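Below: the structure, in structure tokens.
The values are calculated or read from the model by the stated rules, or taken from the named source; none is laboratory data. As the structure is a prediction and not an experimental result, all values here were calculated from the model. Glycine also receives a Cβ, built like all others from the backbone with ideal geometry; neighbour counts cover every protein chain displayed. Protein only, heavy atoms only, side chains kept; ligands, DNA and RNA dropped before computing areas. Shrake-Rupley method; radii C 1.70, N 1.55, O 1.52, S 1.80 Å.
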Amino acid sequence: MDAVTSPVRIERHGGVAVVALDHPPVNALSRAVRQGLLDAFAALCADPSVIAIVISGGPGRFIAGADIREMNLPPDAPFLPEVVAAIDACAKPVVAAIAGAALGGGCEIALACDARLAGPKALVGLTETRLGIIPGAGGTQRLPRLLGTAQAISLIGEGRVLKAEEARAIGLVDAVVEGDVLAAAIDRAPAIAKRRLSAAAVPAGDAAAEDAAAARARKAAKGVPAVAEAIHVIRAAGEGDFAAGLAAERAAFLALRESAEAKALRHLFFAEREAGKVPGLQGAVARPLARVAVIGAGTMGAGIAVAMADAGLEVALVERDADAAQAGIARVRDLYGRQVKGGRLSEAQMAEKLARVAPTADWAQLGSADLVVEAAFEDMGVKTDIFRRLDAVARPGAVLATNTSYLDLDAIAAATSRPQDVVGLHFFAPANVMKLLEVVRAARTAPDVLATALALGRRMGKQAIVAGNCDGFIGNRIYAVYRRHAEYLVEDGAAPEEVDAALEAYGFAMGIFSVSDMSGLDIAYAMRQRRAATRDPNERYVAIADRLVEQGRLGRKTGAGWYAYDAAGTKSADPVVAEIIAVARTEKGIAPRAFSAPDIQRRLLAVMANEGAKALAEGIALRASDIDLAFVNGYGFPRLKGGPMWAADAMGLTEVLREVEAAHQAGGAGSEPAPLLVELVRKGCTFAGWRQGEEE
Ligand code: NAD
């Protein structure tokens, strides 16, 4: 290892040696770091002048975990277990000085030390299951020896991240040091006794507590296979043989690392980092936000107000009149009330947050807002009227945003004298819970306005993705095609409950017809009515949903929709619906045929990816991974499948195209194969590898 370029340095403080990592930004355990650590321990263990060793990641840091990029590359020695074994084998006391994140492999290194000192900003946890793997360097064996089996199952199984004080309270770190944690570690290291967890026994535990922890972890896991594996391997630690436990852990880790689920989760991990990179924003500085306003305090407006108040912003909640404003703040109170009831918020916190939201019918209040989000009715007339009035009262430089789901953002912006300040902020219901935020860039949106929207998204803890302006933007545009094809499947022979069952078997929390019933069938109905005049006559139109609405079946809220609901809200397939479907088939002379669950899954995945390809080629979506993020964070697409574009790549684009051609036969105009899909198939490329502007 070249001493000059190694990210690991040795510093001497008398008899204490500091192994100092400097591998920005977070000291990820890349090959060079692993090699550097190994070399450092080899040298220091053999050096008689060294009496104790401290591992430090520098101010505000420790080791944030594995280098996730390397997980997609061929394995390259030395591996982390070797490094951890070298630390474990060292005869001198070793202390971890944890000034920042000690996660995953970083936590495993800390566990191999004899003592762990944390700074107040430390974050500690074995978070591997979040990426579909388990700790692979002794974490599942050392943690139960330190904290007991139940605690280890809970921490590893749920991938929990503990703050310094929480970690100290359960004994994961020995002390929290205010001030310079490295200096404290150097000071204390010579007096620390050797305490090898590898030589310790797992403390006797309470079987009921272990079972309860395992049940909680399995529930939170939502089917991530790594969680069951982690529980299994942690329990094996209790059998006492450390080496055997390590071997079992490593074998499970290696198998999981190559699993489709782990690859999908890694893809999403990188997708999240990629999503923030937006062309044209270099040098753009987000405008400062302190006071914001929401116009329209209905379902969405109330949720948006909560999301903003949670982010510490002062929110004016503007309604049509005083009564509507009071109804709006009542919705906000209700949203917080539910959190209090669920034990997620204290009464005092609720009071503090509620105090930030001020209901009003006075438009003059909008004059002091740094950003305004309009969430009134989905109607172009209503929206342009609001933006015209807003233009007159908003202060210069205020960001003017709309939560529209489908409408033309350029037309809304044109109602103002400042289209550069207009942007789409498309939240998803419930707005204070759902992670996705579609930031819609209109033709004239200024870079710093877009930057402000993205900064607001981060501040609210949302996953923001940037979309171009088109009907339905990224998410609803693709969702509309998905829904249309689900209805074609029904008209061609599948029962709605069969379609839903196939989607749920694929991993969706809820099938598309159940989702429609939950949201209410009237909204989509109104939209179909609005568009009736402009619809392509060659596009196949399924009228079954119209028949349902005309019979007063608006979904759950009326006790009937695609399904029947009893008083307790339990759904069942309804013969009335089957009859409506049978009539629709007869009217069109369709002889119903059977669709298997895989038929349904492949068809719906293919049409989503095909529409995604069209959105990519048009520049509506910047990259395929943004579409994946939209669907896993906003539409219940299973994370373990990585999103529709990733899943299409996994299915194979040749196969996807074949399925799209069949879907085109079924759907007619509007369902044509995307030229980009055809081109990728021709070149043997994938969506994941595609970049805007690189096509021939
Ligand atoms: P909603 O009917 O529940 O609420 C609209 C509110 O706006 C009402 O309280 C109404 O009094 C108020 N309002 C109407 N005109 C106003 C005006 N001129 N000034 C002040 N207030 C006015 O509707 P919603 O479901 O909350 O939808 C609001 C917007 O959010 C729509 O554009 C919709 O497309 C979009 N959206 C909805 C969802 C959803 O799932 N409901 C999801 C994403 C986006």
For residues that are assigned to a loop (DSSP other than H, G, I, E, B), within 27 Å of the chain's Cα centre (by Cα) and either without any contact (Cβ under 8 Å) to a residue 60 or more places away in the chain or surrounded by 14 or more Cβ atoms within 10 Å (Cβ to Cβ) (or both), tally how many sit in segment 653-696.
6
Qualifying residues in segment 297-323 (those that are closer than 18 Å to Glu438 by Cβ and in contact with a helix residue (DSSP H, G or I) (Cβ under 9 Å, 6 or more places away or on another chain)) - the one farthest from the ligand (Cβ to nearest atom)
Ala311
Boolean, Met350 is in the same structural domain as Ala297 (by TED's automatic domain parsing), closer than 23 Å to Lys462 by Cβ, surrounded by 14 or more Cβ atoms within 10 Å (Cβ to Cβ) and touching a Phe, Trp or Tyr at 6+ places or on another chain (Cβ under 6 Å)
yes
Checking Gly328 against (1) out of contact with any Asp or Glu (no Cβ under 6 Å at 6 or more places or on another chain); (2) assigned to a helix (DSSP H, G or I); (3) in contact (Cβ under 8 Å) with a residue 12 or more places away in the chain, which test does it fail?
(1)
For the structure I just gave you, tell me whether Glu374 is modelled with pLDDT of 95 or more and open to solvent by 60 Å² or more (accessible area, probe 1.4 Å).
no
Of all residues in segment 335-347, count the ones that are assigned to a helix (DSSP H, G or I) and away from the ligand (no atom under 13 Å from the Cβ).
7
Working only within segment 348-379, note down all residues that are more than 10 Å from the ligand (Cβ to nearest atom) and within 16 Å of Val423 (Cα to Cα).
Ala369, Asp370, Leu371, Val372
How many of the residues in segment 492-509 are free of Cβ contacts under 8 Å to residues at least 60 places away in the same chain and either open to solvent by less than 10 Å² (accessible area, probe 1.4 Å) or part of a loop (DSSP other than H, G, I, E, B) (or both)?
1
Show the residue pairs meeting these rules: Cβ distance below 6 Å; 6+ apart or different chains; first residue within segment 380-408 and closer than 19 Å to Ala451 by Cα and touching a residue at least 40 places away in the same chain (Cβ under 8 Å); second residue hydroxyl-bearing (Ser, Thr, Tyr) and more than 7 Å from the ligand (Cβ to nearest atom).
Val399/Thr452
Those residues of segment 84-113 which are open to solvent by less than 10 Å² (accessible area, probe 1.4 Å) and more than 32 Å from the chain's Cα centre (by Cα) amount to Ile87, Cys90, Val94, Val95, Cys113
Number of positions in segment 154-194 that are assigned to a loop (DSSP other than H, G, I, E, B), basic (Lys, Arg) and surrounded by 14 or more Cβ atoms within 10 Å (Cβ to Cβ):
1
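So that you can scan it fast, the table gives a plain yes or no per residue for (1) within 15 Å of the ligand (Cβ to nearest atom); (2) farther than 25 Å from Arg287 by Cα; (3) open to solvent by less than 10 Å² (accessible area, probe 1.4 Å); (4) touching a Ser or Thr at 6+ places or on another chain (Cβ under 7 Å):
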| site | (1), (2), (3), (4) |
| --- | --- |
| Phe428 | yes, no, no, no |
| Thr445 | no, no, no, no |
| Leu454 | no, no, no, no |
| Lys462 | yes, no, no, no |
| Ile474 | yes, yes, yes, no |
| Tyr482 | no, yes, yes, no |
Members of segment 3-44 found to be in a loop (DSSP other than H, G, I, E, B) and open to solvent by less than 70 Å² (accessible area, probe 1.4 Å), listed by number:
Ser6, Pro7, Gly14, Gly15, His23, Val26, Asn27, Ala28, Ser30
Identify all residues within segment 310-347 that are in contact with a strand residue (DSSP E or B) (Cβ under 7 Å, 6 or more places away or on another chain) and either surrounded by fewer than 16 Cβ atoms within 10 Å (Cβ to Cβ) or modelled with pLDDT under 95 (or both); write none if there are none.
Gln326
Val176: over 23 Å from Phe253 (Cα atoms) and in contact (Cβ under 8 Å) with a residue 60 or more places away in the chain, yes or no?
no
Can you tell me which condition Thr384 does not meet? The list is (1) within 14 Å of the ligand (Cβ to nearest atom); (2) open to solvent by 50 Å² or more (accessible area, probe 1.4 Å); (3) closer than 23 Å to Arg528 by Cα; (4) not hydrophobic (A, V, I, L, M, F, W, C), and all the others hold.
(2)
Could you go through segment 337-352 and let me know if any residue there is in contact (Cβ under 8 Å) with a residue 24 or more places away in the chain and under 25 Å from the mean Cα position of the chain (by Cα).
no
Under 7 Å between Cβ atoms, which residue pairs at least 6 apart in sequence (or on different chains) link something in segment 259-273 that is among the acidic types (Asp, Glu) with a partner that is buried (at least 19 other Cβ atoms within 10 Å of the Cβ) and at pLDDT 95 or above?
Glu261/Gly132; Glu261/Leu640; Glu272/Gln463; Glu272/Leu629
Of Ala251, Ala271, Ala262, the only residue that is over 30 Å from Arg389 (Cα atoms), assigned to a helix (DSSP H, G or I) and open to solvent by 20 Å² or more (accessible area, probe 1.4 Å) is Ala251
Filter segment 510-545 for residues that are open to solvent by 40 Å² or more (accessible area, probe 1.4 Å), part of a loop (DSSP other than H, G, I, E, B) and within 16 Å of the ligand (Cβ to nearest atom) and give the result.
Met510
